[in-house]
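Contents: one structure, followed by commentary.
What follows is calculated from the coordinates using simple rules that are stated; it is not laboratory data. Keep in mind the model is a prediction, meaning the values are calculated, not measured. We place every Cβ from the backbone using ideal geometry, glycine too, and count neighbours over all the protein chains shown.
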């Protein structure tokens, strides 16, 4: 059996069709518009699709209603759905983006350093939600420099250095020292041709 790929440009239409989601590093800067409200940021993915829009008309009451549901479900600490998202703490911005990105079916979730700088409770919650995507059949591409996080969450670990893959292993059999050496460039630098 031959599997044929197709070019992927990460357009909004492709992401909807392929059910690809992302949780970028520094979500306030890379996944939100700070001046917009929590509800508006939560609607960025599907603001123009039913039920948030009908016949080309945006239904702001639906945006706010769904945001209130997600605020409760994700335990987001905010003064309300009409607060600017920039007024939230880092962990709460991350939860708001998670709510948006994890809604609906997911084939692939790309998560880049999803818990960097967050407190212990937020880390546990976000890790649990990433596991939930996996448990529902979605693939999670976790990009992280945190060996503890990788060893806890990953099934397979691939190390990239200087733009190329330099090491692959099952997480269950991974050795911390070997991974660290590859991440630091020591192992593959010695084996590189002169």
Expected sort for 42, 160 with the fewest Cβ neighbours (10 Å cutoff) up front is 160, 42
Taking the Cα centroid of region 2-37 and of region 96-115, what is the distance between the two, rounded to the nearest whole Å?
9 Å
Identify which of 76, 157, 165 has the largest mean-square fluctuation in a Gaussian network model of the chain, with springs joining Cα atoms closer than 10 Å.
165
Could you tell me how many degrees, from 0 to 90 and to the nearest 10, lie between the Cα long axis of helix 120-135 and the main elongation axis, the longest principal axis, of the Cα atoms of the chain?
80 degrees
Kindly rank 136-142, 106-112 from highest to lowest mean number of other beta carbons found within 10 Å of each residue.
106-112, 136-142
Label-point separation, residue 60 to residue 178 (7 Å along Cα→Cβ), nm
5.8 nm
When the helix-only estimate is applied to the chain (DSSP H runs of n ≥ 4, each -39,500 (n - 2.57), divided by the residue count), what is the mean residue ellipticity at 222 nm, nearest 500 deg cm²/dmol?
-11500 deg cm²/dmol
In degrees, nearest ten, helix 90-101 long axis to first principal axis of the chain (Cα)
80 degrees
So the angle from the long Cα axis of helix 60-73 to the longest Cα principal axis of the chain, reported in degrees to the nearest 10, equals 50 degrees
Consider all pairwise Cα distances in region 34-142 and report the whole-number % of them above 17 Å.
54 percent
With only alpha-carbon pairs counted, each pair once and no self-pairs, how large is the Kirkwood hydrodynamic radius of the chain in angstroms?
18.5 Å
Would you look at the GNM of the chain, springs on alpha carbons closer than 10 Å, and say which of 104, 132, 80 moves the most?
104
Expected output is a single nm value to one decimal: the length gained when fully extending between residue 120 and residue 11, i.e. 0.36 nm times separation in residues minus the C-alpha distance. What is it?
35.8 nm
Just to be sure I understand: of the beta bridges DSSP finds with both ends in region 12-154, what percent are antiparallel, rounded to 5?
25 percent
Viscosity 1.306 mPa s, temperature 10 °C: give me the Stokes-Einstein translational D for region 24-81 in µm²/s, with Rh taken as the Kirkwood radius over C-alpha pairs.
132 µm²/s
Please list 144-152, 26-34 highest first by mean number of surrounding beta-carbon atoms within 10 Å per residue.
26-34, 144-152
Contact order relative to length of the chain, as percent, for alpha carbon pairs under 8 angstrom and 6 or more apart:
18 percent
Taking the chain as a Gaussian network, where each spring joins two C-alpha atoms under 10 Å apart, which residue of 171, 121, 39 fluctuates the most?
121
